[in-house]
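Novice: Once you've had a glance at the structure underneath, I'll fire off some questions.
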Amino acid sequence: MAKKNLIILIVAIVVLIAAGGAGYYFYKTLQEQKEAERVIPIQTATASDCEKVTDSRRKGWCYFQVAIETKDGSLCEKSYWPDKCYLGVAPEIKDSDLCEKIISGVDKDTCHREIAMNAKDTNLCEKITDSDSVPLGISDSPRKDQCYRDIASITKNSSLCEKITNRTHEKDECYISIAQQTNDSTLCEKIIYSSNKDTCYVRVVVKTKDSGLCEKIAGNIYKHVCYAIVTNDANKCEKLTDNHSKDNCYYYLALETENGSLCEKMINGLGFEKHACYKRVAQQTRDGSLCEKVNIQRERDECYLWIGQQTKDSSLCEKITPGLADWCYADVAIKTKNASLCEKIFTGSGKDSCYRDLAIETKDDSLCKKTTNEENCYDQLFLKIK
């Protein structure tokens, strides 16, 4: 009996030793695995960290993030989105040579334009090729023209308007912009289209109240708008003989003076309609209260959406039809870094995208727990290095 108990004891000891050995081996293996695999925030990763990543997609994402964080354009060719990487880095460091590495014509031109705008250097506009633009019959270089126009407007240098090849639109708009800023009505004479010239004179009159300029206006409706501005008397529009002209007069007067109450005087004849008037004035003034007066649901939603995004006012999102409101909440949530707005999003996929995008924007991994696919969210924030 004693011998039997001794045997049982020996077997038990052997089993315990074996189990302990196995447990120790398992623990050691787990520790080695942990040591072999590091998890780090992707925003703190280095190029050497990226090189250790085995998954090609994750490696490309790593290089993209490191390039953007460190503003190192040399890493972009290894990134997952080379064009977007160059576009993100080049304007930041004002390196137009990096723009030339971009394959997409649109992105390349955008890159050169952003640097030109930051530097206020029209020589950089010359680098814009518009190589993939569709022939318009009006201008074969719309993005180059826009570059000249924007820099001319910023610097108030009207001589730059002459560099614009599109004489029927961009050049006219260039002169109008500078004339409006400088109150220089002589620039209006350089405008080609008579309707644009009339607009130019009215824009100057809004500030100068110079009635003499009204006589230079060719269009009958805009002439009435001009005198209405000079005399501060909207009833000048009533002197027009038909509803079409009266509506158009009140419409243009409302826009030029940014006075939404004038839209109410429109009778919805054959001219512009009230809802279009309220929407335009609301967007110009960023006054969301005017959107309520837009009587077409789709137009009203677009009015609230645009102003909500521009002003970062989430209260306007509440007034939009569910579904379309999701775009508003998501945009304002990112711009204001307010995660609570994601919860207001109607669709599950939209809510997920909001929390994930905000987690990436704020580097706050706790937001990943609010998504239905935490792993995907964490993958955007953390890098596994083996």
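No lab work stands behind these numbers, since they all come straight from the coordinates. Computed from a prediction, not measured in an experiment: that's the story for all the values here. Positions of Cβ are backbone-derived with ideal geometry, glycine not excepted, and every protein chain shown enters the neighbour counts.
Novice: If I fit a long axis through the Cα atoms of helix 105-119 and take the longest principal axis of the Cα atoms of the chain, what angle between them do I get, 0 to 90°, rounded to 10?
Specialist: 70
Novice: Then there is this: Go through 47-59, 190-202, 211-223 and give me the packing order, highest mean Cβ count within 10 Å leading.
Specialist: Details: 47-59: 14.4, 190-202: 19.8, 211-223: 16.8.
In decreasing order of mean packing, 47-59, 190-202, 211-223 become 190-202, 211-223, 47-59.
Novice: In terms of the ratio Rg/(2.2 N^0.38 Å) built on C-alpha atoms, what value belongs to segment 45-129?
Specialist: Working: Rg = 13.5 Å, N = 85, 2.2 N^0.38 = 11.9 Å.
Normalised Rg, Cα atoms only: 1.14.
Novice: So what are the ³J(HN,Hα) numbers for segment 255-262, from phi and the Karplus equation (6.51, -1.76, 1.60; θ = phi - 60°), rounded to whole Hz, Gly and Pro as x?
Specialist: 5, 5, 9, 6, 10, x, 5, 5
Novice: Hey, another quick one. Please report, for the Cα atoms of segment 329-378, the Rg to one decimal and the Dmax as a whole number; what are they, in angstrom?
Specialist: Spelled out, the Cα radius of gyration and Dmax of segment 329-378 are 9.3, 25 Å.
Novice: Amide H of Y193: which non-local residues (sequence gap of 5 or more, or other chain) have their own amide H closer than 5 Å, using H built in the peptide plane?
Specialist: It is none; the list stays empty.
Novice: So, one more: Just subtract the alpha-carbon distance of A218 and Q43 from 0.36 nm times their residue separation and send over the number in nm, one decimal.
Specialist: Working: separation 175, 0.36 × 175 = 63.00 nm, distance 6.01 nm.
Roughly 57.0 nm would be gained on extension.
Novice: Now, a different point. Quick one: Karplus J couplings for segment 189-206, per residue in order, coefficients 6.51, -1.76, 1.60, θ = phi - 60°, nearest Hz, x for Gly and Pro?
Specialist: Couplings: 5, 7, 7, 7, 6, 5, 5, 5, 5, 4, 4, 4, 4, 5, 4, 6, 4, 3 Hz.
Novice: A further question follows. Non-local amide H neighbours of L383 (under 5 Å, H modeled in plane, Pro and chain starts lacking H): which ones?
Specialist: Close amide H contacts, sequence-distant or interchain: I40, I42.
Novice: Once a ≥ b ≥ c are taken as the square roots of the eigenvalues of the Cα gyration tensor of segment 142-207, is the result rounded (a/c under 1.5), prolate (a/b larger than b/c) or oblate (a/b not larger than b/c)? The partial results should precede the final answer.
Specialist: Details: a/c = 2.20, a/b = 1.38, b/c = 1.60.
Verdict is oblate for segment 142-207.
Novice: Apply the Karplus parameterisation 6.51 cos²θ - 1.76 cosθ + 1.60, with θ equal to phi minus 60°, to every residue of segment 311-326 and state each ³J(HN,Hα) to the nearest whole Hz, in sequence, with x for glycine and proline.
Specialist: Listing the rounded values in order: 9, 6, 9, 5, 5, 6, 5, 5, 8, 9, 4, x, x, 5, 4, 4 Hz.
Novice: What net charge is computed for the residues neighbouring C263, neighbours being all others with C-beta under 15 Å from the C-beta of C263, Lys and Arg scored +1, Asp and Glu -1? Intermediate results must be reported in sequence, preceding the final value.
Specialist: On the way: positive: K246, K265, K274, K279, R280, K293, R300; negative: D247, E256, E258, E264, E273, D287, E292, E299.
Net local charge, C263 excluded: -1.
Novice: Do you know the relative contact order of the chain, to the nearest whole percent, from alpha carbon pairs under 8 angstrom that are 6+ apart? Write down the numbers at each step before the final one.
Specialist: Numbers: 584 pairs, mean separation 37.4, N = 386.
Relative contact order comes out at 10 percent.
Novice: Let me ask you something else. Relative to the longest principal axis of the C-alpha atoms of the chain, give the angle of the C-alpha long axis of helix 142-155, reported between 0 and 90° and rounded to the nearest 10°.
Specialist: Approximately 80 degrees, to the nearest 10.
Novice: Still on this structure, please answer the following. Most exposed first by the Cβ proxy, i.e. fewest other Cβ within 10 Å, how do V230, V294 rank?
Specialist: Numbers: V230 18, V294 23.
So the ranking, lowest neighbour count to highest, is V230, V294.
Novice: Would you grab the residues whose amide H sits under 5 Å from the one on N268? Only those 5+ places off in sequence or on another chain, please, with H modelled 1.01 Å from N.
Specialist: For N268, the qualifying residues are K274.
Novice: On a full-extension model of 0.36 nm per residue, what is the gain between S104 and Q181, subtracting their alpha-carbon distance, rounded to one decimal in nm? Can you show the working numbers first?
Specialist: Working: separation 77, 0.36 × 77 = 27.72 nm, distance 3.52 nm.
This chain segment gains 24.2 nm when fully extended.
Novice: Roughly speaking, what % of Cα-Cα pairs in the chain are separated by over 37 Å, rounded to a whole number?
Specialist: On the way: 34973 of 74305 pairs.
Every Cα pair in the chain considered, those over 37 Å come to 47 percent.
Novice: Further question: If I take R0 = 25 Å and measure r between the Cβ atoms of S159 and I192 in this structure, what FRET efficiency does the formula 1/(1 + (r/R0)^6) give, to the nearest 0.05? Before the final figure, lay out the partial values.
Specialist: Numbers: r = 17 Å, r/R0 = 0.67.
The calculated FRET efficiency here is 0.90.
Novice: To the nearest 500 deg cm²/dmol, what mean residue ellipticity at 222 nm is calculated for the chain from DSSP H runs of n ≥ 4 alone, each contributing -39,500 (n - 2.57), summed and divided by the residues? Walk me through the numbers on the way to the answer.
Specialist: Details: 16 runs with 218 residues, N = 386.
Estimated from H runs of four or more residues: -18000 deg cm²/dmol.
Novice: Where does helix 274-285 land angle-wise versus the long Cα axis of the chain, in degrees 0 to 90, nearest 10?
Specialist: Between the helix axis and the principal axis of the chain, the angle is about 70 degrees.
Novice: Run the numbers for D242 and D365: contour at 0.36 nm per residue of separation, minus the present Cα-Cα distance, in nm.
Specialist: Details: separation 123, 0.36 × 123 = 44.28 nm, distance 6.33 nm.
Answer, rounded to one decimal: 38.0 nm.
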